[in-house]
Number of protein chains: 2
Amino acid sequence: MVQGVSAQRPEARATVNAAAVREAALALFAERGYHGTALSQIAGALGIRTPSLYNHMRAKQDLLRDIVSDTTEQVWAEYVASVDGVDDVVERLRRAVKTYALRHATHRREALIVNRDIDSLEEPVLAAVLDLRRRHERAIRGLIEEGVETGRFAVAVPALASFGILEMCVSIARWFRDEGPFSAAEVAEEYSDYALRIVGLK
Amino acid sequence: MVQGVSAQRPEARATVNAAAVREAALALFAERGYHGTALSQIAGALGIRTPSLYNHMRAKQDLLRDIVSDTTEQVWAEYVASVDGVDDVVERLRRAVKTYALRHATHRREALIVNRDIDSLEEPVLAAVLDLRRRHERAIRGLIEEGVETGRFAVAVPALASFGILEMCVSIARWFRDEGPFSAAEVAEEYSDYALRIVGLK
DNA sequence: CCTACCGATCGGTAGG
DNA sequence: CCTACCGATCGGTAGG
């Protein structure tokens with residue numbers, strides 16, 4: 001048959017698989033929120049009917065869980081890698097913040113979903129995700145406290161500074177645009193500088 | 001009749017009015033989001049049936065519109081009042097940020113709704129709200145630019161600094177707790193200090 | 001303030 | 001991958 005080899009013509013047929021469903025969910029959850037997105041919209045974006053989605057997923061909740069869990073785990077892994085082998089506390093904080101800021105410019109949709117719909121997760125996933133987030137916040141706070149103790153930083157309340165720095169980075173996902181005047185790297189560089197200013201780098 | 005004067009016994013009967021409906025909507029929208037909240041839940045919180053809500057409102061969308069519009073207008077009015085009569089650009093920025101930060105600690109629910117569900121607003125309200133938000137951001141950016149031009153501040157990209165400062169304040173609504181270790185005034189004081197550090201106050 | 005009810009839509013299943 | 005369909009729930013209305 002002439003058009004029998006559809007694998008060689010991927011544009012001729014919708015190639016739907018689990019990754020495609022997740023990508024569509026990522027786009028729609030980020031735009032309209034988890035509760036604001038219907039599975040019929042995800043199916044529509046893929047050019048299939050709603051029941052066909054169930055060939056590639058088990059439930060709507062699983063789509064959210066995968067996105068949020070993977071993202072949270074990646075944030076922690078990136079943090080660990082960013083400070084690995086770096087001794088100076090100033091440089092450790094700079095790299096940790098730059099990495100976190102960069103992620104929020106380059107993975108905007110994931111960040112928007114985590115911060116908007118995290119409470120829509122069911123247990124025990126929610127508890128695990130919140131635990132990993134707290135671990136990251138405590139690590140950043142620990143760097144600030146270490147810098148204060150060693151006289152490199154000067155800030156009254158390390159906990160408040162860590163919240164301010166992290167949330168400032170998170171918010172990048174809300175306004176950053178690829179077509180905008182600043183590159184992701186520029187924003188990350190500038191924000192890591194803000195972080196060092198907030199903690200009163202001497 | 002013995003229990004005829006119900007106005008003297010407000011605890012004996014649910015006193016539902018438009019303000020009570022709005023208060024219930026405020027609590028539930030903030031907790032579960034606009035799309036995640038059903039009118040039946042708002043009615044349930046008030047001890048009435050869903051159709052009875054319509055004696056006090058026209059539509060669910062109107063509840064969101066009132067909350068978001070009023071909040072956005074108050075933010076702008078508070079900004080104007082905070083810098084009124086103050087000439088020094090350093091003091092103007094300090095007061096503007098302190099006011100904005102304080103609001104996000106004292107009006108957490110309103111802030112959470114504005115930042116989570118603003119896109120669920122219908123036009124033309126959405127456009128008006130976004131316009132007022134932009135006006136506030138431009139005002140803060142203008143203060144930073146003025147400070148840089150007059151040599152009081154030293155920051156490379158005033159637009160990025162204004163985003164960072166404002167979103168850092170917005171995020172207070174996400175973690176602040178009345179029972180927490182910091183008072184709203186303390187947080188506002190500390191964050192206005194962070195803002196001046198970010199812009200490189202000399 | 002209520003009961004009764006509307007059409008629409010939700011996430012998900014049966015069965016092919 | 002589809003059609004047909006499930007019970008539940010949605011925001012909202014009729015009518016008292």
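The values are calculated or read from the model by the stated rules, or taken from the named source; none is laboratory data. The structure displayed is predicted, hence computed values, not measured ones. Cβ sites come from the backbone with ideal geometry, for glycine too, and all protein chains shown count toward neighbours.
Please specify each residue of the range B:173-182 satisfying the condition of being touching a residue at least 12 places away in the same chain (Cβ under 8 Å) and at the interface with another protein chain (Cβ under 8 Å from one of its Cβ atoms).
Correct list: B:Arg174 only.
When you go through B:Ile144, B:Ile140 one by one, which is the residue that is more than 30 Å from B:Pro181 (Cα to Cα), of a type outside the set (D, E, K, R) and surrounded by 21 or more Cβ atoms within 10 Å (Cβ to Cβ)?
Result: B:Ile144 is the single residue among B:Ile144, B:Ile140 that is more than 30 Å from B:Pro181 (Cα to Cα), of a type outside the set (D, E, K, R) and surrounded by 21 or more Cβ atoms within 10 Å (Cβ to Cβ).
Could you say whether any residue in the range B:31-52 is more than 10 Å from DNA strand D (Cβ to nearest atom), within 14 Å of chain A (Cβ to nearest Cβ) and buried (at least 20 other Cβ atoms within 10 Å of the Cβ)?
Yes, that holds for at least one residue.
The rows are residues; the columns are (1) in contact (Cβ under 8 Å) with a residue 12 or more places away in the chain; (2) within 14 Å of another protein chain (Cβ to nearest Cβ); (3) within 16 Å of DNA strand D (Cβ to nearest atom).
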residue	(1), (2), (3)
B:Ala59	no, no, yes
B:Asp87	no, no, no
B:Tyr100	yes, yes, no
B:Leu112	yes, yes, no
B:Pro124	no, no, no
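From the list A:Tyr100, A:Tyr54, A:Tyr79, A:Tyr34, pick out the single residue that is in a loop (DSSP other than H, G, I, E, B) and among the aromatic types (Phe, Trp, Tyr).
A:Tyr34
Can we say A:Val86 is away from DNA strand C (no atom under 16 Å from the Cβ), modelled with pLDDT of 95 or more, of a type in the set (A, V, I, L, M, F, W, C) and not in a helix (DSSP H, G or I)?
yes
On the given criteria, is A:Val80 more than 8 Å from DNA strand C (Cβ to nearest atom), modelled with pLDDT of 95 or more and surrounded by 19 or more Cβ atoms within 10 Å (Cβ to Cβ)?
Judged against the criteria, A:Val80 is not a match.
Within the range A:174-202, work out how many residues are of a type in the set (A, V, I, L, M, F, W, C), touching a Leu at 6+ places or on another chain (Cβ under 9 Å) and surrounded by fewer than 22 Cβ atoms within 10 Å (Cβ to Cβ).
5
Might you let me know whether the range B:166-179 holds any residue that is within 17 Å of A:Tyr191 (Cβ to Cβ) and among the aromatic types (Phe, Trp, Tyr)?
no
Considering only the range B:64-83, I want to know if a residue exists there that is away from chain A (no Cβ under 14 Å), more than 20 Å from B:Leu143 (Cα to Cα) and within 12 Å of DNA strand D (Cβ to nearest atom).
yes
Taking the range A:14-40, which residues are aromatic (Phe, Trp, Tyr) and either in contact with a strand residue (DSSP E or B) (Cβ under 9 Å, 6 or more places away or on another chain) or more than 10 Å from DNA strand C (Cβ to nearest atom) (or both)?
A:Phe29
Can you pull out the residues in the range A:149-167 that are within 25 Å of A:Glu110 (Cβ to Cβ) and either touching a residue at least 60 places away in the same chain (Cβ under 8 Å) or more than 9 Å from chain B (Cβ to nearest Cβ) (or both)?
A:Ser162, A:Ile165, A:Leu166
Residues of the range B:183-202 being at the interface with another protein chain (Cβ under 8 Å from one of its Cβ atoms) and not in a helix (DSSP H, G or I), which ones?
Passing the criteria: only B:Gly200.
Please find, within the range B:43-69, the residue that is nearest to B:Arg133 (Cα to Cα) out of those that are within 12 Å of DNA strand C (Cβ to nearest atom) and among the hydrophobic types (A, V, I, L, M, F, W, C).
B:Met57
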